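Student: Sharing a structure here in structure tokens format.
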Amino acid sequence: MKPSPLPPLAQPGYWLALAWLGLVAAVGLLAPWLPLPYPAAAPDLLHIATPPAWLGAGPAHYLGTDALGRDVLAGLVVGARRLLALSLPAVGLATLLGALAGATAGFWGNRLRVPLAAATGLLAAAWWGWSLPIYFIFILLIISTLLLIIIKWRRAAARQAALTVALPLDGLVMGATTLLGAVPRLILLVALAAGTPLAPAQLLGVLALLAWPEPARLVRAQMLRVRALPFLEAARASGLPEGRIWWHHALPHACRPLWAFTPLSLGGLIGLESALAFLGIGQAPDVVSWGSMLASVRQAPAAWWVAAGPGLALLLTLLSLQQIARFLAKKMA
Amino acid sequence: MRYLWLGGLLVLLLNACSTPTAKQAASPIHIRWAHDPETLDPLTLPNQSAIDAINLLHLSLLQVDYQRNAYAPALAQELPKAQLVGDSLTLIDYRLRPAATWDDGRPVLATDVAFTLKLIQCPGLPIENSRAQFSFIRQVRLDPADPRHFVLVCRGQGTEVLNASGDFSILPENPLDPAHTLRQLSLAALQDWPTARPPAPVVAALVRRYQRANLARQPEHLPGCGPYRLAAWETNQRLRFQRKAHWWADTLRPAPFVLQARPRQLVFVILPDDGAAVLALRRHELDVYAQIPARLFQQLQASKAAQQEFVFYTNSSYTMLMAGFNTQRPALHDRQTRQALSRLFDPAGLLAATQLGEGNRTVGLLPPSNPFYNDSLPLLAYAPAQAIALLRRAGWQRWPDGHWQRPGTAAPLALSLRYRTGDATHATVALQFQAAAMQVGIPVTLVPTENSVLTSSLQAGDFDLYISMLKGSPMGFNFAPILHSAAIGSGNLSRFGQPATDQLLMTLTTEGNERRKRLLLRRFQVMMQVEMPIVPLFFLPYRMAVSRQLRHVVASGLKPGYAATALSWATPGTLQPAPH
């Protein structure tokens, strides 16, 4: 029997959090069609650091303007859209990468052996990724193909085992997560994003790169527990291939903690992206986000409304994500 | 013994209960700098902080008197006498102050001046700007009868030549060239040294010695004749200058303004962020804060507590906010495109938004207060319709999707705009231009750049447009360093250069006749408005807050906006009263 959804009064925090996140999502999705009186990045030169309209100080700037004359309300809306377009995909990508890497490392450990030809292929791919001259790739591909042909011939002819090489997956994944975890994330992010402003796709990639180790470690730890469970022994005994056991049986169980962890991870990435925007690193000045709006209060310290709007939005979003994570963790426990 | 104890306690109590009084004369004066000087090499001078610092360590023949906004004799005993030769040469006669000495006690002599001018022209030193700037001095004639008397033979005529001939730090010959090897080469020979030819061995050896001295970070390796020595330098944090206990100019009576050095210690606190600087001012970590942004200044002025603690100064300045085009880019090569794009700036709106309306709009590079200002030219105004018409006239066609392209060219009209990051005024100009250009279908990519790499990027021509401050002066009209084709790659950031304008610029710098100069300057302003290599937006006001405990405050429209060496702490009786 399926558990019935909790009534709103029983979990008011959860439902409020959900409502706030729904509002942010709706505003972000509908941003291009909302009837905003001012564009977010264009300055209104006649109204610099103007208080909100409801304080009776200005015309249609409902939440006031910042030190550069940009409309705060339009900035909040565009900031919500940026949240959806950047932090959400980044956390999705990071969770996917982390889950796959952690689950693979936890399931196979360092025991996995791959054909030598595949190892050469992997090496070739790595070198290709490192932008080596293209002829290297051709040489490696030729070597791989030749090795494959030799192996096939030897298998058929002499029925010998293929030449294999150990692939220390667990060591590689743990090494990478330790390496990335050794440097504080903000410092690493600043180092990666410093210089010319990054394109949205590049920033997304950088955020995903920084965020994948945590889900990877979590899933790996869970996988170490899962792989010793009796149902996996049974699956092996029934003769199912390892890959199928991993994909169909082990992975769904190992990924269960991610339900509760992903909202926290999203909160962390939103905070990180906002910090980057606050520092003004890695993004163009005409890109408005909640973090960059918070930064603009430094140019007009008396304009509290510039900090209040994005600050409150950021706080509520992070609290909501935390609330949801807590609820999901409780539910899973 | 018991009474002694009680007495001591009483003194301590009285001291603790007393209200804060005037600071001691030896207390350091804390001044805000927005940037680190980066180098203290007296020949390099990459920014205003470096110029200010070098002026404390070394002296020039002439220095700016901020009281009068004019050059006054510093190492020179008096203003030089000029003698015109023909229609293109000037002989400028200088005599050095007999009292002037280096830190090692040796007198400052004419040979030091000759050595400095030759050193500037030595091939191998990376000081192309200085080399170009002082290339008009062709010869130094020493007087065998008087070691402090010399005559500079200069190309050109006019006040600019006179002023510029004395505006460089004089360096001592003996520590850098003890064998006087450079004396065998003439100044003209060094200036005309072919670039393909390797430098003379004595020059190469001197350049090696100079570079080995590492004056950029350790200026104490070279004796100076200025009033201060560098006591500490924490990069990007602070610089502390200590007044020399015995400085040669202390004996001068009366002490000229440019040779007054009252503070025992000057501490320059580097605070790039204006908000942080205001906070530091309110916490008494700063005593002088110049060039405060308009809104922060307004808030400070409105604060009762700040009124009790600080005196506020506002001056018209000679610093202009401007935008420049890279005229060597194919899209910006023709003047009509530049004129069209200049109509997308809104100088009036920007002046109101960033300076609260204070400051002066201008038609060109001269401020409206200048007697040679061409007031018959129209002020630049925001006019997108005019911009569209001018673009069409320049051959651009608007496509159905809104972008602009010239027939026969592959690239549509799209621009990159470079400016200094962290500057709210520059950011506002950039955003305004971007929004206006977007409305007429021109995409603009903003490229905010760190101050340390901005100059090199601009000099390399890595931009379509840039926003910058142009430091001016009421004392000269030498625009060659920023507009002459010979200065492309150094000071001429717009990379503009035409034979006609080059000729006009050179004539301007050498013209001595007042009436002809007026005509030339008016023609120059017309030419600049037609060619539009740079878009003059407005002249900024200088705003400054100074502690009430400081005396002898001289606020000026010339950078840095104050005379640091003239300041002194007030004694209790001379504190400036706070307004009620």
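Student: Enumerate the residues in the range B:504-547 having an amide nitrogen under 19 Å from the point lying 7 Å beyond the Cα of residue B:485 toward its Cβ.
Tutor: Residues B:504-509, B:524, B:527-534 qualify, since their backbone N sits under 19 Å from the label point.
Student: Got the relative contact order for chain B handy, in percent, Cα pairs under 8 Å and 6 or more residues apart? Each step should come with its number before you reach the end.
Tutor: Details: 1083 pairs, mean separation 111.9, N = 580.
Value for chain B: 19 percent.
Student: Given the options A:98, A:75, A:171, which has the most mean-square fluctuation in a GNM of chain A, springs set between C-alpha atoms less than 10 angstrom apart?
Tutor: The residue that fluctuates most here is A:171.
Student: Cα gyration tensor of chain B, axes a ≥ b ≥ c as square roots of the eigenvalues: rounded (a/c below 1.5), prolate (a/b > b/c) or oblate? Can you show the working numbers first?
Tutor: Numbers: a/c = 1.97, a/b = 1.20, b/c = 1.64.
Oblate, because a/c is 1.5 or more while a/b does not exceed b/c.
Student: What do you get for the angle between helix A:200-211 and the principal long axis of chain A? Use alpha-carbon atoms, 0 to 90 degrees, nearest ten.
Tutor: 60 degrees
Student: In degrees from 0 to 90, rounded to the nearest 10, what is the angle of the helix A:169-182 Cα long axis to the longest principal axis of chain A?
Tutor: That works out to roughly 30 degrees.
Student: Just to be sure I follow the definition: excluding the sites themselves, where is the longest run in chain B that has none of the GluC sites (Glu not before Pro) in a DSSP loop with at most 13 other Cβ atoms within 10 Å? If you can, show how the numbers build up before the last one.
Tutor: On the way: sites that count: B:78, B:450.
For GluC sites (Glu not before Pro) (loop position, at most 13 other Cβ atoms within 10 Å), the longest site-free span of chain B is B:79-449.
Student: Something else now. What percent do you get for the relative contact order of chain A when only Cα pairs under 8 Å and 6+ apart count? Mind dumping the intermediate values first?
Tutor: On the way: 463 pairs, mean separation 83.8, N = 333.
That works out to 25 percent.
Student: Here's something else I'd like to know. Does anyone have the angle between helix A:88-108 and the longest principal axis of chain A? Alpha-carbon axes, 0 to 90°, nearest 10?
Tutor: Roughly 20 degrees, rounded to the nearest 10.
Student: Given a 10 angstrom Cα cut-off, can you work out which residue in A:199, A:67, A:94 is the most mobile in a GNM of chain A?
Tutor: The residue with the greatest mean-square fluctuation here is A:199.
Student: So which lysines can residue B:471 reach, going by Cα to Cα under 26 Å and dropping same-chain residues fewer than 8 places off?
Tutor: Excluding near neighbours in sequence, the set is B:517, B:559.
Student: Moving to a separate point now. Among the aspartates and glutamates, which have Cα under 16 Å from the Cα of residue B:81 when same-chain residues fewer than 8 positions away are ignored?
Tutor: B:93, B:143, B:160, B:167
Student: Let me ask something else. Cα extents of the protein assembly as shown along the three principal axes, largest first, in whole Å?
Tutor: 113, 82, 78
Student: Sticking with this one: Connecting C-alpha atoms closer than 10 Å in a GNM of chain A, tell me which of A:48, A:270, A:139 has the biggest fluctuation.
Tutor: Residue with maximal mean-square fluctuation among A:48, A:270, A:139: A:139.
We did not get these values from a lab; they are worked out from the coordinates using the rules stated. Keep in mind it's a predicted model, so treat the numbers as computed, not measured. Because the Cβ atoms are built from the backbone with ideal geometry, glycine has one as well, and the counts that use them run over all protein chains shown.
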